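Undergrad: Here's a structure for you.
Only the coordinates and a few stated rules stand behind these numbers; no lab work does. As the structure is a prediction and not an experimental result, all values here were calculated from the model. Glycine also receives a Cβ, built like all others from the backbone with ideal geometry; neighbour counts cover every protein chain displayed.
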């Protein structure tokens, strides 16, 4: 028997249902009578083939017996024989190449480099990369990435999976969902997410601002007639890097014994009130240089306040003659 050609190519989509039949070219035999008939077709030496021969000779059909998976086997090569009815019988052969056409049967796979991202809050900062793959071919395997609608105005993702900040927002953490959608028909999607923690860089020291109560001067005068509980100065703590946790990090560091004897520091939010705790006696005369230390948890800063105490303050310096005693201003 002879086939029209020793080689033959045929294609079938991988989603083809079991029972699908492919028409193949039939063999012919120029002998006469039984010697010229085709008695059977067989697939030679391939018991693992998902195909079998169907139809009655001389017609030749290839039947699909089990599901196809292009990602496992994209090409099946079958050696098919035709046997005539002679005695002894003779065989002819054809090699059939069955190409499995891709169908969109694989979802995109998204792989994140890490789940938690620390972000300094800067715009145009590259945060991480999402790696994407799809086992399908062509448009079925081409994947487009997108940021979830909630954070689409703050972060972007390009075709390479690079996520970049495009707007500074205060959320911490921002749980950002990423979708990968292929271009098959119908398309398939998969999702992943990353947790972005907004941690601004600490580039500045905290600021300590001291305002003497009832005076425009940068020092305070406490006479013996100033009552206990009076506010000597208001101290404000701030930081250009952003809000800090009140004044929990503000402390007087010198002179501790003298300060603690006469004064107390009452914290109220971002402010601290320096109050007189013990009345100054008439015979006492002190010049106290009080230094304050503040911290934002990483950086520190200091500022100081000069306090003149006692009945002799008027004779200390001519510069004090224009000062307002707290006894008259409070």
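Undergrad: Nearest 5 is fine: what % of DSSP beta bridges in the chain come out antiparallel, could you say?
TA: Restricted to the chain, the bridges split so that about 85 percent are antiparallel.
Undergrad: Where is the GNM fluctuation largest for the chain (alpha-carbon springs, 10 angstrom cutoff): 193, 144, 285?
TA: Per the Cα network of the chain with a 10 Å cutoff, 285 tops the list.
Undergrad: Please list, by residue number, everything in the stretch 74-92 whose backbone N is under 12 Å from a paramagnetic label point 7 Å out along Cα→Cβ of residue 32.
TA: none
Undergrad: Would you indicate which of (i) 5, 23, 30, 25, 13, 4, 1, 1, 0; (ii) 5, 16, 13, 10, 9, 9, 8, 7, 6, 5, 5, 4, 2, 1, 0; (iii) 5, 25, 35, 25, 8, 1 is the value of P(r) over Cα pairs in 10 Å bins from 0, in percent derived from the coordinates of this structure?
TA: (ii)
Undergrad: Turning to a different aspect of this structure: Among 111, 261, 177, determine the one that fluctuates most according to a GNM of the chain built with springs between C-alpha atoms less than 10 Å apart.
TA: Among 111, 261, 177, the largest mean-square fluctuation in the Gaussian network model of the chain belongs to 261.
Undergrad: Pop a pseudo-label 7 angstrom from the Cα along the beta-carbon direction at both residue 40 and residue 113 and give the gap in nm to one decimal.
TA: 6.3
Undergrad: May I pose another question? Contour minus end-to-end for residue 251 and residue 283, with contour as 0.36 nm per residue of separation and end-to-end as the Cα-Cα distance?
TA: 8.6 nm
Undergrad: Using square roots of five times the C-alpha gyration tensor eigenvalues, list the equivalent-ellipsoid semi-axes of the stretch 157-215 in whole Å, biggest first.
TA: Each semi-axis is the square root of five times an eigenvalue, giving 47, 11, 9 Å.
Undergrad: If you wrap a convex hull around the Cα atoms of the stretch 7-101, how much volume per residue is inside, in Å³?
TA: 83
Undergrad: Grab the DSSP H runs of the chain that are 4 residues or longer, score each as -39,500 (n - 2.57), total them, divide by all residues and round the 222 nm result to the nearest 500 deg cm²/dmol.
TA: Computed mean residue ellipticity for the chain: -1000 deg cm²/dmol.
Undergrad: Per 0.36 nm of contour for each residue apart, how much would the distance between residue 146 and residue 225 grow if the chain were fully extended, relative to their Cα-Cα spacing?
TA: Residue separation times 0.36 nm, minus the Cα-Cα distance, leaves 21.3 nm.
Undergrad: Given contacts defined as C-alpha pairs under 8 Å and at least six residues apart, what's the relative contact order of the stretch 109-198, whole-number percent?
TA: Value for the stretch 109-198: 36 percent.
Undergrad: When 1/r is averaged over all different Cα pairs and the result inverted, which Kirkwood radius in Å belongs to the stretch 93-244?
TA: Every distinct Cα pair counted, the radius reaches 20.3 Å.
Undergrad: Okay, moving on. Return the inverse of the average 1/r over all pairs of distinct C-alpha atoms in the stretch 116-206, which is the Kirkwood hydrodynamic radius, in Å to one decimal.
TA: Kirkwood hydrodynamic radius for the stretch 116-206: 14.2 Å.
Undergrad: Mean separation of Cα pairs under 8 Å and 6+ residues apart, divided by the residue count of the stretch 73-123: what relative contact order is that in percent?
TA: After rounding, I find 33 percent.
Undergrad: Here's another thing I want to ask about it. Evaluate the Debye formula for the stretch 85-164 with equal point scatterers sitting on the alpha carbons, no solvent, and hand back log10 of I(q)/I(0) at q = 0.15, 0.18, 0.20, 0.24 Å⁻¹, in q order, two decimals.
TA: The Debye formula, applied to the Cα set alone, gives -0.70, -0.86, -0.97, -1.19.
Undergrad: Counting pairs of alpha carbon atoms under 8 Å apart in space and at least six apart in sequence, what relative contact order in percent does the chain give?
TA: Worked out over the chain, it gives 12 percent.
Undergrad: Let me ask you something else. DSSP beta bridges in the stretch 109-198, what fraction antiparallel, as a percent rounded to 5?
TA: 85
Undergrad: Distance in nm between label sites at residue 267 and residue 175, each 7 Å beyond Cα in the beta-carbon direction?
TA: In this crude label model, residue 267 to residue 175 measures out at 3.3 nm.
Undergrad: Once a ≥ b ≥ c are taken as the square roots of the eigenvalues of the Cα gyration tensor of the stretch 92-136, is the result rounded (a/c under 1.5), prolate (a/b larger than b/c) or oblate (a/b not larger than b/c)?
TA: Note, shape of the stretch 92-136 comes out prolate.
Undergrad: Further, regarding this structure: Just report the Cα centroid separation between the stretch 10-63 and the stretch 111-150, whole Å.
TA: Going from one Cα centre to the other spans 48 Å.
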